[in-house]
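The values are calculated or read from the model by the stated rules, or taken from the named source; none is laboratory data. Everything numeric in this text was worked out from a predicted model, so none of it was measured. Note that each Cβ is placed from the backbone with ideal geometry, even for glycine, and that neighbours are counted across all protein chains shown.
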């Protein structure tokens, strides 16, 4: 057993002088987390009379502890949860002892709620890991310890609960403690303590238990009150993500933000990570007066000596300790959405105060969160953790998460639904963007367009299988060719015989298919051609991704709008018949979705119109 | 000089970060101002967050017409002192229908004059984000509320569609018709609010301090009679008692407590030994089990 850590604050600390401790409780479902938190609230006298009265009422109605108060009901909030007797979300609770204020994140135990636990852990200073004395370490215990470590927690107190229910408490406790030390040896915890407790009866929660004389260490609350979390964020290099540019008038331009690591002082030289521009901090402005210095966690406003281009999303650092500026990096990614990760699909990444598009380019491996084994994977499902390579179109300032949580953590946002779908922790930059310069070429696209005497364009036909995309594209190409325009037609079926022969029809493969075709179309447009692309391309996100490869006016989206009933009737390749018979899986329109364009440049209604008429209509719009 | 405890410093910095996030990311934010102590702290934080500029958003007061007179005076003084933009909205349909807590009961009054009125105002001005002073420690269903709470079109709150919130990376992206409610004081407790109010010298409505006031006793609670609009029941005779409020809502839906606390120090000391919770005097909460969750689904703050 480790001794209580000595805190420099211990002697001079007045009430709540140690500040705030945020911790999360984790452990498997029946280990008694909610009861433990209820017990802490109860013992610290943080429960008013009317809440106690409500608890007595609720205990009779929903309680699982017979005649006693069911302390778990204090924390299981939503109606649905109370009825099912489980915790399905993260609940935050607040209490204080004379020595410290606490915020508890109560997180669920089941594997299907891994994301909730990660959410709670992301803002916690420490974790209380519950273990049922009767069951010992479970698969879930291992998973939770791993997730705590992954999210960067360094202080863990193991509460060996229900110790009153085992016969030889002392040896059971010692065995569990030894087991935990063994399997967390590689997880990088600075504090790892174990306390035998009974949350239901209050043993060793806030007062030492007389029933467990063999244990002489601190109580659980004792640990939490004295845990030293004064980590060395102050001694790390400066990171100041610019959050908001404050410009009330022409005389004042301030950069507001929260110092995410290190210390900034008035007079310090700083650089903007992205541009490399250097300047000097002139003032640290707050409503309480200017400061000489600001430390990690303080929300301040900086003014700078030079008027240089700085916006939200930029990161300020010291000139000699800059973050990496990279467009490719490796990170652990926890997937949080019901829909699986689609490698290749552009998501939005929120890192620090920056929001940029990002793609997962490859999954190096998936981590089995129970065994910690590395597995091969092509995608990530809900609650899975993968070690991935990510790529952004423009370089961003990134840091390793373990050293710089503020500039190494990110979330991924789905661009269609705006849902938060992933949480990531950067491991390292893969290459410095500054080392890879794009080769500047003398004969450029404008030169080729001039030689060709027509502009280059990409015309993208999307629509269901059998809607008439290729037929119309073919008719259009004939007309363009006749006018002396240099063209090329990229067709879905043909590309799948060559360039994309390694891809199937899963959602992930469809995304990659379109990504590759988009890049090829981009090269061909650069070569000065008018490229006609005929692809079902069922997802809006990928069509948007291709669109963003081109400049405005260069990309023309044509929605060949033929109702599914009509396509089924035409069925030129007999595919619908096979799909309806279940012989063809993932067929668009049958068992795989088609997301119609919301704002195509042109919509062609093929009913009552020949392909030639459609091609003529298009020709009029293109302006070639 | 900074006299804040490390704990309050951390809460203050977090709230300022949240306020700036919304100002940077949202097109038309607004701050809901209810005149109570939490609103007072929130406005104070907004003044600090954007110093030396003024907060880049207006305040919105949803006026049920049943606020205590001293609350309205306090509101107008605050706005004048700091030169803030204040919008006041009252549900005109509620007025036309003669809705009042006396005539219509607490539940209808709250629905029409608060919940509906708030939605009307948000829609009318096209606000995409609204700050509220709610705290997670107030009530059980609020313990799981996000800092950035997502509302589907029609201001609907679906607990199952809330976004995970990790680190300080708030997802503020919404589509047309969707809105956000943002709670900078999510992690504050009632005690934190009072201790911060004292440390920062934030003015509060005098109703929070004990003074002799005319009261009647109804269902075991002291109801202050602010004006003649509260009809007396048979046999009721207002008496003068030394009372104060812990939580200010609509008169007569907020009950007062017996108290001698007439300074911030006294209030904080009273709370330390108090055995009843803050919202116990808010008559709308105890209507039915999980009643706050139900109200929130309907769009109540």
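If you go through the range B:128-138 and pick out every residue that is away from every other protein chain (no Cβ under 14 Å) and surrounded by fewer than 23 Cβ atoms within 10 Å (Cβ to Cβ), you end up with 1. Would you confirm whether any residue within the range A:333-342 is under 28 Å from residue A:506 (Cβ atoms), within 13 Å of another protein chain (Cβ to nearest Cβ) and surrounded by fewer than 21 Cβ atoms within 10 Å (Cβ to Cβ)? Within the range A:333-342 (the criterion being under 28 Å from residue A:506 (Cβ atoms), within 13 Å of another protein chain (Cβ to nearest Cβ) and surrounded by fewer than 21 Cβ atoms within 10 Å (Cβ to Cβ)), the answer is yes, since at least one residue qualifies.
May I ask you to list the residues in the range A:422-435 that are surrounded by 11 or more Cβ atoms within 10 Å (Cβ to Cβ) and modelled with pLDDT under 80? Result: A:431, A:432, A:433, A:434.
Number of residues in the range A:109-119 that are at pLDDT 85 or above and either part of a strand (DSSP E or B) or within 24 Å of residue A:196 (Cα to Cα) (or both) equals 1. Confirm whether residue A:551 is surrounded by fewer than 21 Cβ atoms within 10 Å (Cβ to Cβ) and either free of Cβ contacts under 8 Å to residues at least 12 places away in the same chain or closer than 13 Å to residue A:515 by Cβ (or both). Considered against the rule, which asks whether it is surrounded by fewer than 21 Cβ atoms within 10 Å (Cβ to Cβ) and either free of Cβ contacts under 8 Å to residues at least 12 places away in the same chain or closer than 13 Å to residue A:515 by Cβ (or both), residue A:551 comes out as yes. Collect the residues in the range B:42-70 that are without any contact (Cβ under 8 Å) to a residue 12 or more places away in the chain and surrounded by fewer than 17 Cβ atoms within 10 Å (Cβ to Cβ), keeping them in residue-number order. Across the range B:42-70, the qualifying residue is only B:52.
With respect to the conditions (1) modelled with pLDDT of 90 or more; (2) in contact with a strand residue (DSSP E or B) (Cβ under 7 Å, 6 or more places away or on another chain); (3) over 23 Å from residue A:190 (Cα atoms), residue A:129 falls short on a single one, namely (3).
Against the test of being crowded, with 21+ Cβ neighbours inside 10 Å and in the same structural domain as residue A:617 (by TED's automatic domain parsing), the options A:468, A:498, A:504 yield a single qualifying residue, A:468. Of all residues in the range A:282-322, count the ones that are assigned to a loop (DSSP other than H, G, I, E, B), within 14 Å of chain B (Cβ to nearest Cβ) and surrounded by 15 or more Cβ atoms within 10 Å (Cβ to Cβ). Final tally of qualifying residues: 9.
Here the range B:227-244 is the region considered, the condition is being touching a residue at least 40 places away in the same chain (Cβ under 8 Å) and in contact with a helix residue (DSSP H, G or I) (Cβ under 7 Å, 6 or more places away or on another chain), and the residue that is surrounded by the fewest Cβ atoms within 10 Å (Cβ to Cβ) is B:231. Considering the conditions (1) out of contact with any strand residue (DSSP E or B) (no Cβ under 7 Å at 6 or more places or on another chain); (2) modelled with pLDDT under 95, residue B:189 is excluded by exactly one of them, (1). Take residue B:97 and decide whether it is without any contact (Cβ under 8 Å) to a residue 60 or more places away in the chain, closer than 29 Å to residue A:38 by Cα and surrounded by fewer than 19 Cβ atoms within 10 Å (Cβ to Cβ). The answer is no for residue B:97. Residue count for the range B:170-208 under the criterion of being outside any loop (DSSP other than H, G, I, E, B), buried (at least 22 other Cβ atoms within 10 Å of the Cβ) and within 9 Å of chain A (Cβ to nearest Cβ): the result is 1. On the stretch given as the range A:247-281, residues that are touching a strand residue (DSSP E or B) at 6+ places or on another chain (Cβ under 7 Å) and either under 24 Å from residue B:55 (Cβ atoms) or facing chain B (nearest Cβ under 9 Å) (or both) total 9.
Does residue B:27 qualify as being at the interface with chain A (Cβ under 10 Å from one of its Cβ atoms) and either more than 21 Å from residue A:293 (Cα to Cα) or in a helix (DSSP H, G or I) (or both)? Taking the combined requirement at face value, the residue does not satisfy it. Scanning the range B:30-49 for residues that are assigned to a helix (DSSP H, G or I), under 26 Å from residue B:166 (Cβ atoms) and either under 18 Å from the mean Cα position of the chain (by Cα) or at pLDDT below 95 (or both) yields B:38, B:41, B:42, B:45, B:46.
Count of the range A:560-584 residues, restricted to those that are surrounded by 22 or more Cβ atoms within 10 Å (Cβ to Cβ) and touching a strand residue (DSSP E or B) at 6+ places or on another chain (Cβ under 7 Å), is 1. Among the conditions (1) over 13 Å from residue A:537 (Cβ atoms); (2) part of a loop (DSSP other than H, G, I, E, B); (3) within 43 Å of the chain's Cα centre (by Cα), residue A:465 misses just one, which is (1).
If the condition is being at the interface with another protein chain (Cβ under 7 Å from one of its Cβ atoms), outside any loop (DSSP other than H, G, I, E, B) and either touching a residue at least 12 places away in the same chain (Cβ under 8 Å) or out of contact with any strand residue (DSSP E or B) (no Cβ under 8 Å at 6 or more places or on another chain) (or both), then the range B:1-20 contributes B:7, B:16, B:17, B:20. Taking (1) touching a helix residue (DSSP H, G or I) at 6+ places or on another chain (Cβ under 7 Å); (2) within 22 Å of residue B:150 (Cα to Cα); (3) surrounded by 22 or more Cβ atoms within 10 Å (Cβ to Cβ) in turn, residue A:416 satisfies each apart from (3). The condition (being within 14 Å of another protein chain (Cβ to nearest Cβ) and part of a helix (DSSP H, G or I)) is satisfied by just one residue among B:141, B:149: B:141.
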